[in-house]
Ligand code: AMP
Ligand code: MG
């Protein structure tokens, strides 16, 4: 295809104030939402993987993906007509502390593409320094890029709101990282991911002008965000309140989905919270395996465990309060903001309840169902059971003759299995009675339960296997994994190995049970 037919309008640049200086000199950028900066070319851009669905969504055909220009554009060495690269300016609260200006330190947006009536911002991650890179190099390593590429797509196919990923390009360059910040720096292969979303505006985008007392920029940013990203909101006196409430509700929906599938974001700083309620900035994320609400994959957060699995809802609320405070100068009173925060609670409770009913196959809600769920989660924890396998197996328990046979695969330790078995059998009896009472036809119930309880999730060790292979020069494991993750809730005969519980070798292996912010 002729790529000059791709239509970019780049509203972010045209409607918001920009930095007078171009280039990557590190600096505080005042009064501006973006800085013009070019990606830094790389030695040998090579396409390692792409998402065919995202390419199609963007109106980019397969021949264009395979043409040499594609790896050059999405590795940072060339531009398609209409692209106007920029880095966005924002701040954020990191691990509970106000961190000041952060900005896109290694992300560079190429433009906003209009395709099929929809707007998609294309953004390179790892494309070189920007004014916001502070002391760092603007690059990304292959391992974290594979993780971001695969997880973006896996989450989408699970039904979790997320930014998407178009491409993964190897740079042919080495990036030096000290993975656990313990004096063991080494060179690793570099890569660039192109991620895609209708908007990359974050809570921190508003926090920065608010913290600086720049109310003019704050107001322009809010009005721009509403106009561009929430055009369905009716003009009128309550428009900003409706906007805030929608952000709250979208965030609630996202976090409820994380809890459904066992996803731990790992770095829920306010600069990593999307106004569209999209999962964004895949870093040291992880998937709960042996169930533990206190688990976080992020060793950088090992002390406080601020971003552990079980409290993601509370953290999201805390982050929304930061956003409410940031935009409060634009509101005459606090009530509409409080109403938005209340809507978060209500939406989360409603969605979580819906997930509970589907995951357990219960039909219409009855009092006490939360208790049944809480007891099951407690058993998973005490029995050291794999969250994904255990929930998935529930659909196969016969409600007329419940037994724990189908749950065998979920246990990590025989000792824990033995300890929890009597209580588990008791729970299965009570669950079966509740299921019989609900009276859903068996086929229908199983269909609902399987749709809510994925068989295939992007387990940390699966991603690590694809990473190990890719670092040895074999990128095929990335596409294989992507193919499996495209249909997470379906049985995929021959691919059972991708649904296995974590093997012993991965228990303490870096990248599998332990990750850090170093990426
Ligand atoms: P993150 O924890 O990945 O969301 O990153 C927090 C901040 O650090 C953001 O402003 C990033 O752009 C910036 N950052 C992270 N890694 C790099 C890097 N290698 N080079 C430049 N900036 C970075
Ligand atoms: Mg970030």
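Every number in this text was worked out from the coordinates using simple rules, so none of it is lab data. Bear in mind the structure is a predicted one, so any value in this text is a computation, not a measurement. Please note: Cβ atoms are built from the backbone with ideal geometry, for glycine as well, and neighbour counts cover all protein chains shown.
Could you check what % of the DSSP bridge pairs in the chain are antiparallel, to the nearest 5?
Given both bridge residues lie in the chain, the antiparallel proportion sits at roughly 90 percent.
With a cut-off of 8 Å between alpha carbons and a minimum separation of six or more residues, what is the relative contact order of the stretch 362-519 in percent? Numbers along the way, then the final one.
On the way: 151 pairs, mean separation 36.6, N = 158.
Computed over the stretch 362-519, the figure is 23 percent.
Would you give the gap between the C-alpha center of the stretch 447-470 and the C-alpha center of the stretch 480-519, rounded to a whole Å?
5 Å
Could you tell me the calculated FRET efficiency between residue 28 and residue 216, based on Cβ-Cβ distance and R0 = 22 angstrom, to the nearest 0.05?
Step by step, r from the Cβ atoms, then E = 0.80.
Which of the three applies to the stretch 3-203, rounded, prolate or oblate, going by the alpha-carbon gyration tensor with a ≥ b ≥ c and a/c under 1.5 meaning rounded?
Since a/c stays below 1.5, the shape of the stretch 3-203 is classed as rounded.
Separation between the residue 3 and residue 81 pseudo-spin-labels, each 7 Å from Cα along Cα→Cβ, expressed in nm?
For residue 3 paired with residue 81, the spin-label model returns 1.3 nm.
Quick check: Cα centre of the stretch 121-197 to Cα centre of the stretch 332-404, how many Å?
33 Å
Put a dot 7 Å past each Cα toward the Cβ at residue 306 and residue 509; how far apart are the dots in nm?
3.1 nm
Ignoring everything except DSSP H segments at least 4 long, calculate the 222 nm mean residue ellipticity for the chain; use -39,500 (n - 2.57) per segment, divide by total residues, nearest 500.
-13000 deg cm²/dmol
What is the spin-label model distance, in nm, from residue 400 to residue 495 if the labels are put 7 Å beyond Cα along the C-beta direction?
A separation of 3.4 nm, rounded to one decimal place.
At a threshold of 8 angstrom on Cα-Cα distance, excluding pairs fewer than six apart, so keeping six or more, what relative contact order does the stretch 236-358 reach in percent?
Contact order relative to length: 35 percent.
In Å and on Cα atoms, what radius of gyration and Dmax does the chain show?
For the chain, the Cα radius of gyration and maximum Cα-Cα distance read 23.2, 72 Å.
Let me have the relative contact order for the chain, percent, based on Cα pairs under 8 Å that are six or more residues apart. Intermediate values should be presented prior to the final figure.
On the way: 1051 pairs, mean separation 74.2, N = 519.
Result for the chain is 14 percent.
Using the per-residue mean of other Cβ atoms lying within 10 Å as a proxy for protection, in what order, highest first, do the peptides 307-314, 366-373, 101-108 fall?
101-108, 307-314, 366-373
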